[in-house]
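The values are calculated or read from the model by the stated rules, or taken from the named source; none is laboratory data. Here the structure is a predicted model, which means the values were calculated and not measured. Neighbour counts run over all protein chains shown; Cβ positions are idealised from the backbone, glycine included. Just the protein is used for accessible areas: all its heavy atoms, side chains included, with ligands, DNA and RNA removed. Shrake-Rupley method; radii C 1.70, N 1.55, O 1.52, S 1.80 Å.
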Amino acid sequence: MGPHHRAATLRDLAENEFDVLVVGGGIVGAGTALDAVSRGLSVALVEARDWAAGTSSRSSKLIHGGLRYLEQRDFGLVREALRERSLLLTTLAPHLVRPVQFLYPLRNRIWERAYVGAGVTLYDTMGGSRALPWHRQLSRRAALRIAPALRHDAFVGAVQYYDAQVDDARYTMTVARTAAQYGARVATGAEVTGFLREGDRVTGATVRDHGTGREITVRARRVVNTTGVWTDDAQRMAETRPAFTVQASKGVHIVVPRDRIPMRTGLITRTPRSVLFIIPWGRHWIIGTTDTPWNDAPDAPTADHADIDYILDQANAWLRVPLTHDDIEGVYAGLRPLLRGDTDDTTRLSREHTVAEPVPGLVVVAGGKFTTYRVMAEDAVDAAVRELEKEVPSSATARLPLIGAVGYEVLWNDRRRIAADADLHVARVEHLLRRYGSCVHEVLELVRADPSLGDPIPGAEDYLRAEVVYAVSHEGARTLEDVLTRRTRISIETRDGGLAAADHVAALIAPFLDWTDARRTDELTHYKTHITKERHETPTLLPAA
């Protein structure tokens with residue numbers, strides 16, 4: 001999905017009529033494009049910014065059933081999510097989705113252990129296939145052996161259980177790339193500015209190419225809107241009464257160094273207003289989250305002092321050595337697109353999804369959660385093809401591995417030989433396999449052609465120079481922000497937000513994107529402004545003047 005592929009895609013969008021046009025490049029949009037194209041339909045997908053530029057890159061990075069939803073008696077949602085978790089771990093994306101261990105600390109010796117134990121037993125059994133180990137009951141002493149960071153007086157015991165985690169932005173891009181591999185025409189930087197109408201039927205959209213400013217007409221028999229927190233705006237653009245409305249809920253996370261919290265497990269517990277996660281993330285911990293209504297523009301949610309202080313207070317209630325603002329390396333805020341209910345309390349709004357056709361030819365899907373994106377996509381395509389004048393097969397995506405999945409296990413077992421052949425440390429190859437799977441050979445081919453690409457990026461040494469080149473040559477990255485924020489996670493994994501690495505990365509990718517010196521300077525300026533704005537409420541994270 002490099003620059004030449006995008007140019008060819010835009011020509012195809014202007015010249016052809018498609019069975020399905022998908023609007024929105026988050027996880028649901030990418031999943032909808034893959035579902036539709038795997039059924040033999042002609043598919044176009046347009047995204048105004050970048051893959052996962054909104055909600056789908058700002059989650060807790062978890063693939064989970066939602067343990068707390070059992071308490072709310074959302075058994076159907078939990079069962080569905082656990083079934084999807086099993087598929088992702090074993091079939092669809094074993095290179096991107098991996099198990100993660102959690103402790104659920106207990107405050108009561110008798111009733112809570114029985115209550116939580118019964119819930120986690122149900123959690124273990126509802127997902128079908130045994131993709132993860134069974135939970136265990138632990139004494140306080142046993143829990144402290146794997147989590148010495150915890151205050152011994154904060155709990156009396158714990159339940160140990162497993163869920164799964166994913167790099168959400170990378171996963172979304174991989175779904176879009178898989179759809180493109182099977183023939184979908186997918187493009188980022190392509191913003192829908194209006195819907196085409198024939199009478200009362202929606203028959204396509206007008207799309208502005210952000211690269212050239214040119215507006216093109218994309219015709220389609222069905223349009224599927226998957227714009228998440230922008231759903232209400234899209235429905236207004238269709239000039240129709242909305243089928244439903246969306247309430248955005250802000251979730252904030254902070255990132256701290258791994259050695260700051262000595263634990264060999266993640267932690268989850270309830271808080272007064274949300275859930276506290278302490279999640280292992282490479283050489284870091286991700287800690288969150290908040291759950292508060294967001295009524296401002298959805299483009300750029302930010303974390304404020306109250307969000308940060310809330311997360312620190314909730315984490316420090318459990319930690320023997322408290323965290324401070326100085327420990328924070330990164331912070332990010334995202335918006336959940338919840339279906340609006342009769343309450344202003346977003347913690348009580350359903351995480352289920354809905355599909356509607358507010359006007360003929362236009363299908364809208366919203367709600368849900370990252371883990372169940374595939375089911376949402378299947379339901380959206382089922383609704384879209386209901387009146388197509390041809391027979392359409394049922395969804396095949398439950399059996400369709402994503403690009404990079406096939407052969408991953410064999411390569412993982414052979415990682416030491418791969419490392420020796422590439423003259424890289426085996427830890428580097430493990431990092432690459434967990435990001436690219438069987439596409440790792442494409443990355444290593446770049447290193448063979450230019451050995452300097454096998455060096456770490458100055459200022460972001462966890463990543464190789466080849467990875468940012470691959471991001472623009474194969475993964476559709478168009479801007480410096482795309483590379484530093486979503487193809488890699490340098491923006492949240494480095495204390496300076498990736499500013500030290502930005503010059504080096506810009507120099508590497510400029511030739512592949514045909515940037516002039518002026519464009520390169522503009523990209524650097526934009527990225528520095530973006531990081532400063534994102535962190536403006538957290539002074540310890542701002543770059544030095």
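With respect to residue 289, determine if the residue is surrounded by 20 or more Cβ atoms within 10 Å (Cβ to Cβ), hydroxyl-bearing (Ser, Thr, Tyr) and under 30 Å from residue 230 (Cβ atoms).
In short, yes.
Can you tell me which of 122, 132, 82, 92 is touching a Pro at 6+ places or on another chain (Cβ under 9 Å) and modelled with pLDDT under 95?
Of the residues listed, the single one that is touching a Pro at 6+ places or on another chain (Cβ under 9 Å) and modelled with pLDDT under 95 is 132.
Can you tell me which residues in the range 161-198 are over 16 Å from residue 53 (Cα atoms), open to solvent by 10 Å² or more (accessible area, probe 1.4 Å) and of a type outside the set (Phe, Trp, Tyr)?
Hits for the range 161-198 are 165, 180, 181, 183, 185, 193, 194, 196, 197, 198.
Of the conditions (1) within 28 Å of residue 180 (Cβ to Cβ); (2) within 22 Å of the chain's Cα centre (by Cα); (3) not aliphatic (A, V, I, L, M), residue 494 fails just one. Which one is it?
(1)
Do you know which of the residues in the range 50-83 that are aliphatic (A, V, I, L, M) and under 16 Å from the mean Cα position of the chain (by Cα) is surrounded by the fewest Cβ atoms within 10 Å (Cβ to Cβ)?
Here the answer is 53.
Given (1) outside any strand (DSSP E or B); (2) touching a Ser or Thr at 6+ places or on another chain (Cβ under 8 Å); (3) surrounded by 22 or more Cβ atoms within 10 Å (Cβ to Cβ); (4) not basic (Lys, Arg), identify the lone condition not met by residue 86.
(3)
For residue 219, which of the numbered conditions (1) in a strand (DSSP E or B); (2) open to solvent by less than 20 Å² (accessible area, probe 1.4 Å); (3) not polar (S, T, N, Q) fails to hold?
(2)
Hey, could you check the range 129-147 for residues that are within 17 Å of residue 117 (Cα to Cα) and among the charged types (D, E, K, R) and say which is least open to solvent (accessible area, probe 1.4 Å)?
By that ranking, first place goes to 140.
For the range 227-272, how many residues meet the condition of being outside any strand (DSSP E or B), of a type outside the set (Val, Ile, Thr) and touching a Ser or Thr at 6+ places or on another chain (Cβ under 7 Å)?
4
With respect to residue 278, determine if the residue is open to solvent by less than 10 Å² (accessible area, probe 1.4 Å) and either out of contact with any strand residue (DSSP E or B) (no Cβ under 6 Å at 6 or more places or on another chain) or charged (D, E, K, R) (or both).
Judged against the criteria, residue 278 is not a match.
What are the pairs, 6+ residues apart or on separate chains, where a residue within the range 166-177 that is touching a residue at least 12 places away in the same chain (Cβ under 8 Å) has its Cβ under 7 Å from a residue that is of a type in the set (S, T, N, Q)?
Within 7 Å, the pairs are 168/56; 168/57; 168/59; 169/56; 169/57; 172/56.
Given the criterion surrounded by fewer than 22 Cβ atoms within 10 Å (Cβ to Cβ), farther than 24 Å from residue 450 by Cβ and either modelled with pLDDT of 95 or more or under 22 Å from the mean Cα position of the chain (by Cα) (or both), identify the matching residue among 529, 521.
Of 529, 521, the one residue that is surrounded by fewer than 22 Cβ atoms within 10 Å (Cβ to Cβ), farther than 24 Å from residue 450 by Cβ and either modelled with pLDDT of 95 or more or under 22 Å from the mean Cα position of the chain (by Cα) (or both) is 521.
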